[in-house]
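Input: a single structure, listed below in structure tokens.
What follows is calculated from the coordinates using simple rules that are stated; it is not laboratory data. Just so it is clear, the structure is predicted and the values come from calculations on it, not from any experiment. In this analysis, Cβ positions are derived from the backbone assuming ideal geometry, glycine residues included, and neighbour counts consider all displayed protein chains.
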Amino acid sequence: MTRTENHPNYGLTKSREEGFVDNADALPRAVIRPNEYMLLDGEWKFSHDSLDKGLSESWFAGHQYDLTAHWPGSVEQHIASALESEKPWQDKVVVWYEREFNLPDIEEEKKANSLIQLSFGACGYETQVWLNGFELTTIEGELKHLGEYTSFSYELDEHLLRPVNRITVRIESSMDADITRGKQESYVYKRGGIWYQTYTGAVRSIWIETVERNRLRSRVGVVSSVEDNLVRFNLTTRISDPGFYKIRIKVFDDKADKTTPVAEDEFPLTLQTGQKSQRVVLRIPDAKLWSTEDPHQYRLVAQLIDEKDYAAEIETKFGLRKIEARGCCLYLNNKPVYLDGILYQPGASTYEQIRKHMYAMKELGCNLVRIHIAGVDPRIYKLADRIGMLLWVEVPSPHQSSQKSRTNHRNELLRMLALVGTHPSIIIWSLYNEDWGAQDIATNPETREYIIETYHFMQLAYPQFLVVDNDGWQHISFEGRLKSDLLSAHLYTSDLQRWREVLEELSSGELDRVAAFPLVVGDPFFYRNQVPLIVSEWGGFGFDNYGGPKDDDDRAVLIKKFKQELRNRSFAGDIYTQATNIEDEKNGLLDAETGSLNVPAGLLNTQENQIEYPGNKSL
């Protein structure tokens, strides 16, 4: 058996020796299993199906591939390499990948309870998969998986498996503006300025692993009640054999005795074939809370035990924390907190680069990173949990408003939520940004109704998060009640005097003239400090569209002056644009390759600059 200590998940890395390994903590997900997996990254056969004839010609049954490509890697990289073209596709792209793998040996005593599962870390936008010429269906029942930012899996029928197996993957993407695409170009927004080259396809690792026929799936939700030391776990059972089961959960202190649980309990269940969610609650005596200063984590071990006492186990880390928007201020664990944030767009960065960026942003003095409308390597959430960095995450936006785009948006949101429920670092979700994909928010009641319903759904189903309806401007008011936990504004100017004027207008309740569009749409809303006010984008100094100094020294001086003006008023937080350069946006404060700072450390930490928080002098 081959072991590996570091998982080459993201980027064009060399393949490991093929074989089952058991370091599953390295896979791109929050939950780990005490099982074995085989990484299928490496060289695959590859063809660009420029005429989209592969389905009609049954390439999945057999095809002569003329090229090879490394998985993971983007369609753009693979086609550019093959065709020596800087712009490989403009309208629609279809590509095929294929490789073989040997059926791994499974210990005899495990075979009766096990099956083999094929998982994609992320792939898309539209993915179809065949095993030995037979089309597969995802666990969710999809023949075509839609989406390109989250993982999905297939249970492999043992009757289809052979000593040597062939996996065929068809990937299709397009410039469709109804697709949740973030800042990748589309028919509506073309590449240039703040819109980027598409980066799609086989962008994250692929692996097979053994899983139990009756098990807990790799998705766990955690909601804590810090006042009562209670934790609510939302678990998902996957059952092939109906019957009586029990869920046993144990919680260990990650920084103390790792062998003796600090809390445990059992919950009997009668389960039918299929999949269902189950909530259980556990009290953790004298629980230590997760915070940016002390990112304390616990380890959850959850087992699904059948009538023969066979236990299928998963493990994950979590933290107890509470985030609350109360009046004009934000509170973390019932203590006021000011968000010293920065906008982050990792683009095609490798995980090693992302890790350097995260540490650099913490060195800048940030306690929050806003991951801007992008699907990212999920290990970034684990890292933030570990180092004590708050995260603001967003649904990658479609580029036009329609019923189809809203359906795609909702599905993308649900896929993301299912996979990030354990992370205490994630505190804020944006549904939309600057009305991209909701351009008719001010005039179309259907658009507003969808956003309002989604906001209410998030409040009920995911109370551990704060939710922003449409970040930047045009927040929705219904009967005078804001349908957002934060009132946020995007303000761009490089003139210090104009900056003072805009901040003064905003903090005094002016909602119509401070940003590019009115801050609130729908019914009249009267701001009286009853909701936290955040300048969620500002600066951008060096980017041509936003002006300001391009010299790093002058930029640092101006940032400090702008930051001082923010903290002279009763805002709850601010987010500087942005961490790194990306394509045409040359306004980063740190080097995208090395993570080294271009400006002084602590520049964005207002406490270090000894600026008081008018909202609460004790902070």
Averaging 1/r across every pair of distinct alpha carbons in the stretch 119-178 and inverting yields a Kirkwood hydrodynamic radius, in angstrom, of 12.2 Å
I need the chymotrypsin sites (Phe, Trp or Tyr not before Pro) found in the stretch 44-82, filtered to DSSP loop residues with at most 16 other beta carbons within 10 Å of theirs.
TYR65
Working from the pairwise distances between different alpha carbons, so that the mean of 1/r is found and then inverted, what is the stretch 316-373's Kirkwood radius in Å?
13.4 Å
How far is it, in nm, from the label point at LYS246 to the one at SER508 when both lie 7 Å from their Cα along the line to the Cβ?
6.7 nm
With the radius of gyration and the Kirkwood radius both derived from the Cα set of the chain, what is their ratio Rg to Rh?
0.96
Excluding PRO28 itself, what net charge comes from residues whose Cβ is under 10 Å from its Cβ, given Lys and Arg +1 and Asp and Glu -1?
+3
Surrounding charge for CYS328, neighbours by C-beta under 13 angstrom, Lys/Arg +1, Asp/Glu -1, total +1
For the stretch 43-96, what Kirkwood radius comes out of the mean inverse Cα-Cα distance, in Å?
11.7 Å
By how many nm would the segment from GLU57 to SER81 grow when fully extended, if each residue of separation counts as 0.36 nm and the alpha-carbon distance is taken off?
6.1 nm
Using only the alpha carbons, work out the radius of gyration and Dmax of the stretch 193-237 in angstrom.
18.8, 50
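If you take every residue apart from THR594 with its C-beta less than 14 Å away from the C-beta of THR594, what net charge results, scoring Lys and Arg +1 and Asp and Glu -1?
Numbers: positive: ARG355, LYS356; negative: GLU352, GLU363, ASP591, GLU593.
After counting each charged neighbour, the total is -2.
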Mean residue ellipticity (222 nm) of the chain, computed from DSSP H runs ≥ 4 via -39,500 (n - 2.57), nearest 500
-5000 deg cm²/dmol
Report the Cα centroid-to-centroid distance between the stretch 395-412 and the stretch 340-371 in angstrom, as an integer.
26 Å
Looking at the chain, what % of its DSSP beta bridges pair antiparallel, to the nearest 5?
75 percent
Under a crude label model (7 Å from the Cα following the beta-carbon direction), how far is ARG213 from LYS586 in nanometres?
6.3 nm
Please provide three numbers in whole Å: the alpha-carbon extents of the stretch 52-149 along the principal axes, with the largest listed first.
53, 27, 26
Which percentage, to the nearest 5, of the DSSP beta bridges contained in the stretch 452-608 is antiparallel?
25 percent
With the Cα gyration tensor of the stretch 527-596 in hand, convert its eigenvalues to equivalent ellipsoid semi-axes via √(5λ) and list them largest first in whole Å.
26, 13, 11
Test of the criteria: in the stretch 434-487, which GluC sites (Glu not before Pro) are in a DSSP loop and have at most 11 other Cβ atoms within 10 angstrom of their Cβ?
GLU479
Could you give me the radius of gyration and the Dmax of the stretch 466-619, taking only the C-alpha atoms into account and expressing both in angstrom?
16.1, 50
Quick check: Cα centre of the stretch 141-178 to Cα centre of the stretch 107-125, how many Å?
13 Å
Long-range tail of P(r) for the stretch 254-328 (Cα pairs > 18 Å, %):
55 percent
Report Rg(Cα)/(2.2 N^0.38 Å) for the stretch 396-456, keeping two decimals.
1.16
Dividing the alpha-carbon radius of gyration of the stretch 156-278 by 2.2 N^0.38 Å (N being the number of residues), what value is obtained?
1.62
When every alpha-carbon pair in the stretch 490-574 is counted, what percent end up more than 16 Å apart?
54 percent
Where labels lie 7 Å past Cα in the beta-carbon direction, separation of GLN90 and VAL557 in nm
4.7 nm
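So if each residue of separation counts as 0.36 nm, and I subtract the Cα-Cα distance between GLU227 and ARG279, what length gain in nm does that give?
16.8 nm
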